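The values are calculated or read from the model by the stated rules, or taken from the named source; none is laboratory data. Predicted model, so just to flag it, every value in this text is computed and none were measured. Cβ atoms come from the backbone with ideal geometry, glycine included; neighbour counts cover every protein chain shown.
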There are 2 protein chains.
Amino acid sequence: METFPYRRVEQVKAKVTIKDVARRAGCGIATASRVLNNSGPASADVRSRVQKAAQDLGFSFSALGRALQSSRSMTVGCLVPSLANPVFAEAVQGLQTVLAGTGYQLLIASSNYDGAADNDAIATLIAKEVDGLIVTMVAPEHSAALALARTRGIPVALMFHDPVAGLPSAHVDNGAAAREVARRFGDLGHRRTAFLALRFASSDRSRNRYAGFLAECRLRGLPDPVLIELTETEANTPERLAQTLAALPDLTAIFASNDFLAIAVQKAARLLGWRVPRDLSVVGFDGIEIGRLLDVPLATIETEPAAMGRQAALTLLDLLQGGAPVQLPPLPFTFRAGATLAPPRADRRDDDRVAPRPPSVLSLKTDLKQG
Amino acid sequence: METFPYRRVEQVKAKVTIKDVARRAGCGIATASRVLNNSGPASADVRSRVQKAAQDLGFSFSALGRALQSSRSMTVGCLVPSLANPVFAEAVQGLQTVLAGTGYQLLIASSNYDGAADNDAIATLIAKEVDGLIVTMVAPEHSAALALARTRGIPVALMFHDPVAGLPSAHVDNGAAAREVARRFGDLGHRRTAFLALRFASSDRSRNRYAGFLAECRLRGLPDPVLIELTETEANTPERLAQTLAALPDLTAIFASNDFLAIAVQKAARLLGWRVPRDLSVVGFDGIEIGRLLDVPLATIETEPAAMGRQAALTLLDLLQGGAPVQLPPLPFTFRAGATLAPPRADRRDDDRVAPRPPSVLSLKTDLKQG
DNA sequence: CTCCGATATGGAAACGTTTCCATGTGGGGA
DNA sequence: TCCCCACATGGAAACGTTTCCATATCGGAG
């Protein structure tokens, strides 16, 4: 552990304000402001003196002072569950790209999927006087903090949520996408399916996907899909997930609520000695890039989180300019045909096959080495 | 496209300030402030009146006013190249978790790996009067904006960079990690190796990795590794990458500067009909979770970006509390033994085998379907 | 009864801007 | 020569806080 030699850096002047510039240029503050902002008349003489003074002093405006006086902070608050989830991270990056040109900056908070934390976070963002909010949270329709934003007249745009409570949202139609998956499963002859989710309770997206999936299954006279809500542990340790899968009735196809889960399922299946898609079909959701590069490319619903971010940013920008709230149509999704989806094995098409005895899960760790 | 019915929401009062609270409570502003902050004496009577008034009015402090008067914005500026890169996204999430408890908020900017944009971004953050900066950028040692921060007395912590210019950095020892890879390659008998990078010019991390890799190769009397800088296109389209690889001298092992590239290499190898690791060994860098779940688990240098974020946040927090800058030791990395690394094929151990004719790249697209 | 100290309270300055308004200067037209 | 107007300039208020300081009130001790 190395300590840097202590040196008070040549701190020219902690703060140089417009007052300093004015003094040095020998003019009034108002004049300096006008010159620096090009917002009013000034003689060529004083103009150049002010410019020079600002230059010499290394002056730059304090956004704080400006914000206070204009009551516009040029800051947009953003709340997402977690940046560790690349879907949200990409969305935020999408916001960033749109906002970059506009002078707005992003104040970011994350709730870690916690329905209390996200309300607090929004309250804090509001206290920081953000000009607008872009939010993905647990329950936007019941959020007190979001109601406060409305009271305060702060524009809000949602991301990922199906539109709710009159708040415009940049989203994909989760239900429709899920129905599409059910259709594919059905067309291939799958009957016994499952829906896999992590944090079902705190994700309306997951719930909407399940709802769509279920609805379409029923429409086709298929048995209701099994809803499996995983714990964090199950999701993160393939061995645990393998146990869970092994204990299930004779599934032939699994719809995972996101691609990570889908890939984890593949891993678990491998541990069980099942082959994907021969013994089990898997479809994911989101369409992360990696899925495409896999040895067995993942079949999935492909969405574009960055586009979602961009749309949310544009929507908010419009609101900030006084536009009326407009709900744009959902962003498109596409079904990406991978190699993890195939018809069920002939001996499983009928609904009454005997569950195969999976090889002992515990003896399978070596499998890790050869994949 | 649906337009919401126009309704001016019941906007109780655009802004309720402490002045309003004071008026309603029938006391002075100073008193209200003291009560609300518990920062001074007040009679029980007035105390309760103020509390009630604040409650009724739905008062909350404006962080702006506070920041202006105390010249502490309770905001930390953060610059990363892009949140679309999960390594940075996780690091930011790491910052977030540490900062969450402290009252500091994160103001985020991203440069898209652009060495001019990142300077501008920092300048903007400084203008917003951030109390501190956490930065990953193209050239921190030459950044004018970073120099400005120093002038202004704004504490700075780096992430990912090897420490430079007296700025403490939360990082892993890229050189050491790369040497470790060279050692592994060497021990297994590889001689002809390559280092694969994207944006070599703008990433000191990549350069440090290459330097370490090269140094260790020379130390062991191995031929210099080929440095291959990919274009975005090559990195993103496996077919193009396959062409590039096919054109190379008879490599037996590739060290990719990050796991995405490593996975892309595997894909490209598959397209060429090469088997990993039989025909080509691949080692990545970063240790992203997915690598572990792959069919052929990726050998890689495992790092923990979130830990990097946490360390950077703690370092900055210490600086913010007046601590002297301290460079902590680099964070640990581990070599993750995957299944993509093996000895070269016997017929390739000698250094003068004939380059095999790769099958036509163009005819290989169908491969996508079966992986 | 007087005086002192402790406690309670509010006015006002300061933080860094922008902008309204008033003042001052100059030139051109009558 | 005189006026008026356009232009240049600076003072001051306002934005929402906190905090210093002065004032007011009260109880108790002498």
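Data table
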| item | result |
| --- | --- |
| Residue list for the stretch A:158-173, restricted to those being at the interface with another protein chain (Cβ under 10 Å from one of its Cβ atoms) and assigned to a strand (DSSP E or B) | A:Leu167 |
| Number of the exception - B:Ser111 against (1) within 13 Å of chain A (Cβ to nearest Cβ); (2) of a type outside the set (Phe, Trp, Tyr); (3) farther than 20 Å from A:Leu83 by Cβ | (3) |
| Hits in the stretch B:270-315 - residues which are more than 12 Å from chain A (Cβ to nearest Cβ) and either closer than 21 Å to B:Ile134 by Cβ or without any contact (Cβ under 8 Å) to a residue 12 or more places away in the chain (or both) | B:Asp286, B:Thr303, B:Ala307, B:Met308, B:Arg310, B:Gln311, B:Ala312, B:Ala313, B:Leu314 |
| Count of the stretch B:143-157 residues which are in a loop (DSSP other than H, G, I, E, B) and more than 7 Å from chain A (Cβ to nearest Cβ) | 3 |
| The stretch A:22-36, subset near DNA strand C (Cβ under 7 Å from one of its atoms) and away from chain B (no Cβ under 14 Å), residue surrounded by the most Cβ atoms within 10 Å (Cβ to Cβ) | A:Arg34 |
| Sole residue being more than 23 Å from B:Arg270 (Cβ to Cβ) and within 11 Å of another protein chain (Cβ to nearest Cβ), chosen from A:Leu261, A:Leu251 | A:Leu261 |
| Qualifying position, being surrounded by fewer than 21 Cβ atoms within 10 Å (Cβ to Cβ) and either within 16 Å of DNA strand D (Cβ to nearest atom) or of a type in the set (S, T, N, Q) (or both), among B:Gln105, B:Gln69 | B:Gln69 |
| Number of the condition not met by B:Asp318 [criteria: (1) away from every other protein chain (no Cβ under 11 Å); (2) in contact (Cβ under 8 Å) with a residue 12 or more places away in the chain; (3) within 30 Å of B:Pro329 (Cβ to Cβ)] | (2) |
| Any hit, the stretch B:15-22, residues being within 7 Å of DNA strand D (Cβ to nearest atom), at pLDDT below 95 and over 30 Å from B:Gly309 (Cβ atoms) | yes |
| Unmet requirement for A:Val130, which otherwise passes all of (1) part of a loop (DSSP other than H, G, I, E, B); (2) modelled with pLDDT of 95 or more; (3) away from chain B (no Cβ under 14 Å) | (3) |
| Qualifying residues in the stretch B:37-52 (those that are within 8 Å of DNA strand D (Cβ to nearest atom) and not hydroxyl-bearing (Ser, Thr, Tyr)) - the one farthest from the other protein chains (Cβ to nearest Cβ) | B:Gly40 |
| Selection count, the stretch B:114-127, where residues are more than 8 Å from chain A (Cβ to nearest Cβ) and buried (at least 24 other Cβ atoms within 10 Å of the Cβ) | 3 |
| Verdict on B:Gln55 being away from DNA strand C (no atom under 12 Å from the Cβ), surrounded by 13 or more Cβ atoms within 10 Å (Cβ to Cβ) and more than 11 Å from chain A (Cβ to nearest Cβ) | no |
| Condition check for B:Asn258: within 24 Å of the chain's Cα centre (by Cα) and farther than 26 Å from B:Pro163 by Cα | no |
| Residues (surrounded by fewer than 17 Cβ atoms within 10 Å (Cβ to Cβ), in contact (Cβ under 8 Å) with a residue 12 or more places away in the chain and small (Gly, Ala, Ser)) located in the stretch A:128-154 | A:Ala139, A:Ala144 |
| Subset of the stretch B:150-173 [at pLDDT 95 or above and under 21 Å from A:Ser60 (Cα atoms)] | B:Ile154, B:Pro155, B:Val156 |
| Number of the condition not met by A:Phe88 [criteria: (1) without any contact (Cβ under 8 Å) to a residue 60 or more places away in the chain; (2) over 20 Å from A:Pro155 (Cα atoms)] | (1) |
| Residue ID - farthest from DNA strand C (Cβ to nearest atom), chosen from residues in the stretch B:64-87 that are within 8 Å of another protein chain (Cβ to nearest Cβ) and assigned to a helix (DSSP H, G or I) | B:Pro86 |
